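A short worksheet on the structure shown next.
The values are calculated or read from the model by the stated rules, or taken from the named source; none is laboratory data. A quick note: this is a predicted structure, and the numbers were derived from the prediction, not measured. Heads up, the Cβs are rebuilt from the backbone with ideal geometry, glycines too, and the neighbour counts pull from every protein chain shown. For the accessible areas, the whole protein counts, side chains as well, though only heavy atoms, and no ligand, DNA or RNA atoms are used. Shrake-Rupley method; radii C 1.70, N 1.55, O 1.52, S 1.80 Å.
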Amino acid sequence: MSDRAMGRIGESVTRLEDPPLVTGRGRFAGDINLAHQLHMRLLRSPVAHGRIKTVDVEAARAMPGVYAVWTFDDIRDVPPIDFREGRIEKYEPFRQYILARDRVRYVGEPVAAVFAADPYAAEDAADAILAEFEELPAITDGADAPGAFDDAGHRTEADIVTQGYGDVEKAFAKAAHVIEREFVVGRHSGVPLETRGAIGHYDAAHDVLELHGAAKVPHRNREALARMFGRPLNAVHLFESHVGGGFGVRGELYPEDVLVCAAALRFGRPVKWIEDRMEHLLATNHSRQQRHRIRAAVDADGRLLAIDDTFFHDQGAYIRTHGARVITMTCGILPGPYKVADYRATGHFRLTNKTPAATYRSPGRFESTFVRERLMDAIADELGIGRLELRRRNAVGPEDMPYALPLVVLGDDVEYDNGDYVGLLDKALDHVGWDALQADLQRRRAAGEAVGAGVAMFVEKSGLGPSDGAKVTVDPSGAVELITGGASIGQGFETCMAQICADALGVDYRKVRVVHGQTNRIEFGIGAHASRATVMTGSATNEAALLVRAKALDVASDLLQAPADTLDIQDGVVFRKDNPDGPSVGLGEIATQLLPTRKTLGGREPGLMAEGWFHSDHQTYPFGCHIAVVKVDRETGHVGVERYVIAYDIGRAVNPMLVEGQISGGFAQGLGGALYEEFVYDERGQPQSVTFADYLLPTAREVPDIELLLREDAPSPRNPLGIKGAGEAGVTGVGAAIASAIDDALQMPGAVTQLPVTPQRLKVLLDGARD
Amino acid sequence: MTEKTDITLTVNGRDFAVTVEPRRTLADTIRDDCGQTGTHIGCEHGVCGACTVLLDGEPVRSCLMFAVQAEGREIRTVEGLAADGALSPLQQAFIDNHALQCGFCTPGFLMLATGVLERDPDIGEDELREVLSSNLCRCTGYQNIVKAVKSAAATMKAGR
Ligand code: FES
Ligand code: FES
């Protein structure tokens, strides 16, 4: 057998995805064109809050190339966009209609839709629509007093979400110390480099509604669309092609997706919509924005007796597909890696006149990790205990595993599966040479430099169940097709799944064609979100491939006249383990023997194929820590990152190179949220961050190379491969670690209370300290 | 605005006769009229660099130019990098170093780096980072992009 890389689990092989992408043959939403398509352009609200007085579309309708112009009256029959998990009655009044009805509630809300033969003509016509609004006062801060949401008596506080356990008040009454702080996380978002796009098509010949440009959760969106249009599920299909980054925001069901479908159905012509960047920054989900008022009760040794957190979640104008997911997650994961005897989190779910918010990579964890780790620093500083020592004292230990908390994330009871949190911290400290680093930083500070280091610990979650399936088929040529209900948003899904399949089956991963995001190929699918794909779809793939393997060995045992358990498969060839160079048979030949027309079937089901399922009761909880070393320029307020170490226990890495890629990419996004990125609004609710010149994505100049300490010490006991997710580990701790490092650099404990730490904010801190 | 002109664009050595409005961007024309959709559009305001093409050998933002301005000039796009099916050293280095995830920024980075390495094969690391910082990538955190370009530069030098 050859010894070239077969792409087994654990091998850093190159990606199957890459060849078309480096040669310009990718097929992103913008690259899809259907015959006779119309182009959609939206008129969006210019005011943050207002009553619609008139929308006069006559002039627009008369313009050359214009096919139709719609306002709310034209889509009255289309219900507002529902929640992914089905009905949530108390949030129903806050759902968004696909075109604004009576009121607009954020700048960028779709008010009218133009359909024209050419995108330039559609844009011209949208400009010609005369719309008038009676402006109403805008609520621009989730921590401000709630107001009226509508004329039906609904208030802008949609809900108060609570989680907790134990007797918090009692704990505070007996605490040796109470530490209370306020922390703020800014509004930012995934901002993938490809904007959104959607192409609706009604295939009248088969009575099927198609949506192209789907991503993330095609199967769930298919259900939602079928409900909204009153169509059977099998008369709606979604198709994912190349996706230019997801990060949680792309692939939710947005008004534009529904509009192109509605128009395609009504016009009998394909309708294409490609978002422009300004629209993207106004219309695609924002995320993160929360203000926490948190207090901790600790004993004389700094042990956490209780945490009591009240926070305001700035949801923006509507509740979108996620419902209360981010706010619930924040409550459920805030305690993180520490033992907190009594706990209470109270989240105010507040609507504001800004772009609606939902999940962005590491939702609820980036925020809560910042808040919790800042709190830990504050306790350490106030009690005069070292920041690391305090963490050690409070961390959940390996002896506590599995560690269950009466909390819920994503509808799943929290139970950390395994791990040695402090052990990993020690390895990370070892890696940076913590003591030497401290000495060096001290020396440099004494010489006048503002340099410092910070540490953050966190617990992630991944692999939300309950079930996922996959199908594996080997054809008579020996080629393997793996059909999944997963989705690929650029994270290397195809390669990872091909590796898992190849490893279980015994083929070269390059032989495996991976299908994803096509609802007409597989009945169910969980898509790609919440770092589920590798764990759930990967485990299902493993199951399916093992079934195919067993079937292949069964047939081969007839052909080779040897018991199945004496056989092995490598590079697609079955042979006897005790005689690798002896008689053998290829998987393609076995597939041929299994054709329905063959006598060799011998009572077996035809086809060398199988469907595999994986079920899981609990998520897995990977964990990690971040160490940041920064240098602050006191004059400009600029923060430069000198070193950044991420230690992460992934359980088992399918492809370490891809994991590293995920983590570096996540880090860059975390860094953006920590230092640069922010959607700013003025007091009238006018967005100030509507181009890449105002919303600052980090570039190659700002993002340093990270040092990754990827460990596989704690394989998950919750799936046969031991894998945990990797998608979010790079992001989660960045805000917290950078904040701590800035404190240290300035020698101002607790200075950073708000993200992002822009130069302006840092200047204010420095000037405040000077006075 | 709808008066159109006939122009001929030379993309990767092939002539495309197209009829465009004067306001039509080069990016849209390359993509929709010439059918070369490898060039991507990420912002249309000159910041992200996804639309970078080489114009007479110089990297330019094709979203900031009108198609009519490119007439008679030599346009190179990502589709023209591989010669006879063989990937260019940069393309290969992007694969080998995992310098792409979603791949949306990739054509822009490839064209930017191709232009840079053709002009200055010995470019130093700092300067390279500086140049590469003119394009945006949201997936990779850049470290593998820098690594890939450096490794391609070395390969190209060895092959000179
Ligand atoms: S699309 Fe041209 S620079 Fe962004
Ligand atoms: S690889 Fe996705 S933007 Fe660069």
- Query: Just the projected area, averaged over all directions, of the convex hull on the alpha carbon atoms of segment A:1-109: how many nm²?
  - Reply: 14.5 nm²
- Message: Could you tell me the relative contact order of segment B:19-114? Use alpha-carbon pairs under 8 Å, at least six residues apart, and round to a whole percent.
- Response: 31 percent
- Item | Cα-Cα separations in chain B greater than 21 Å, expressed as whole percent | 44 percent
- Send over the Kirkwood Rh of segment A:162-231, from the inverse of the averaged 1/r over different Cα pairs, rounded to one decimal Å. 18.0 Å
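Please compute how much accessible surface disappears when A pairs with B, both sides summed, using a 1.4 Å probe, and round it to the nearest 100 Å².
Numbers: alone 27940 and 8280 Å², together 32240 Å².
Chains A and B together bury roughly 4000 Å² of accessible area.
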- Message: Using the Kirkwood radius over C-alpha pairs as Rh, can you work out the diffusion coefficient of segment A:112-256 via Stokes-Einstein at 37 °C, viscosity 0.692 mPa s, in µm² per second?
- Response: 157 µm²/s
- Quick one: Karplus J couplings for segment B:65-79, per residue in order, coefficients 6.51, -1.76, 1.60, θ = phi - 60°, nearest Hz, x for Gly and Pro? 10, 8, 4, 4, 6, 9, 4, x, 10, 8, 9, 10, 10, 4, 5
- Message: If I model a spin label at A:GLU169 and A:LYS90 as a point 7 Å from the Cα along the Cα→Cβ vector, what separation in nanometres do I get?
- Response: 2.1 nm
- Query: In chain A, which whole DSSP H runs stretch at least 27 Å along their own axis (Cα) and average 0.0 or higher on the Kyte-Doolittle scale?
  - Reply: A:538-560
- Item | Whole-Å semi-axes of segment B:89-157's equivalent ellipsoid (Cα gyration tensor) | 17, 13, 10
- Can you give me the P(r) profile for segment A:68-117? Cα pairs, bins 5 angstrom wide beginning at 0, each as a whole percent. 4, 18, 26, 21, 17, 9, 3, 1, 0
- Message: I need to check one value: relative contact order of chain A, counting alpha carbon pairs closer than 8 Å and at least 6 residues apart, in percent.
- Response: 16 percent
- Query: What residues qualify as long-range amide H neighbours of A:ARG95, i.e. H under 5 Å apart, gap of 5 or more or another chain, H built at 1.01 Å from N?
  - Reply: A:ILE319
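Mind jotting down a quarter of the surface of the convex hull over the alpha carbons of segment A:183-337, in square nanometres, one decimal?
On the way: hull surface 46.3 nm².
Result: 11.6 nm².
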- Message: Residue by residue through B:71-79, how many Cβ atoms from other chains fall within 10 Å of the Cβ on average?
- Response: 1
- Task: Identify which of B:THR37, B:THR77, B:THR106 has the largest mean-square fluctuation in a Gaussian network model of chain B, with springs joining Cα atoms closer than 10 Å.
- Result: B:THR37
- Item | segment B:5-80 - Rg and Dmax from Cα coordinates, angstrom | 10.8, 30
- Query: Using +1 on the beta carbon of Lys and Arg, -1 on that of Asp and Glu, and nothing else charged, what's the dipole of segment A:522-640 about the Cα centre, debye to 20?
  - Reply: 120 debye
- From the backbone phi of segment A:165-175, what are the Karplus-calculated ³J(HN,Hα) couplings (6.51 cos²θ - 1.76 cosθ + 1.60, θ = phi - 60°) in whole Hz, Gly and Pro given as x? 6, x, 10, 5, 4, 4, 4, 5, 5, 9, 5
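To the nearest µm²/s, what D does Stokes-Einstein give for segment A:400-529 at 10 °C and 1.306 mPa s, using the Kirkwood radius over alpha carbon pairs as Rh? If you can, show how the numbers build up before the last one.
Details: Rh = 19.3 Å.
Diffusion coefficient, whole number: 82 µm²/s.
Give me the inter-chain shielding for A:421-431: mean count of other chain Cβ atoms within 10 Å, whole number please. List each step's numbers first, then the result.
On the way: counts 0, 0, 0, 0, 0, 0, 0, 0, 0, 0, 0.
Per residue, the number of nearby Cβ atoms from other chains is 0 on average.
Dividing the alpha-carbon Rg of segment A:596-682 by 2.2 N^0.38 Å yields what?
Numbers: Rg = 24.6 Å, N = 87, 2.2 N^0.38 = 12.0 Å.
Rounded to two decimals, the normalised Rg is 2.05.
Please sort A:360-372, A:204-216 by packing, taking for each peptide the average over its residues of neighbouring beta carbons within 10 angstrom, highest first.
Taking the mean over residues of other Cβ atoms within 10 Å, the ranking is A:360-372, A:204-216.
Around A:VAL236, what is the net charge, scoring Lys/Arg as +1 and Asp/Glu as -1 over all other residues with Cβ under 15 Å from its Cβ?
-3
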- Task: Enumerate the calculated ³J(HN,Hα) couplings along segment A:695-709 in order (Karplus 6.51 cos²θ - 1.76 cosθ + 1.60, θ = phi - 60°), each rounded to whole Hz, writing x wherever the residue is Gly or Pro.
- Result: 9, 9, 7, x, 10, 4, 6, 8, 8, x, 5, 8, 10, 9, 10
- What average count of beta carbons from other chains do you get within 10 Å of the Cβ of residues in A:186-193? 3
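What number in nm² do you get for the protein assembly as shown if you take the convex hull of its Cα atoms and divide its surface by four?
Numbers: hull surface 164.1 nm².
Hull-based average projected area comes out at 41.0 nm².
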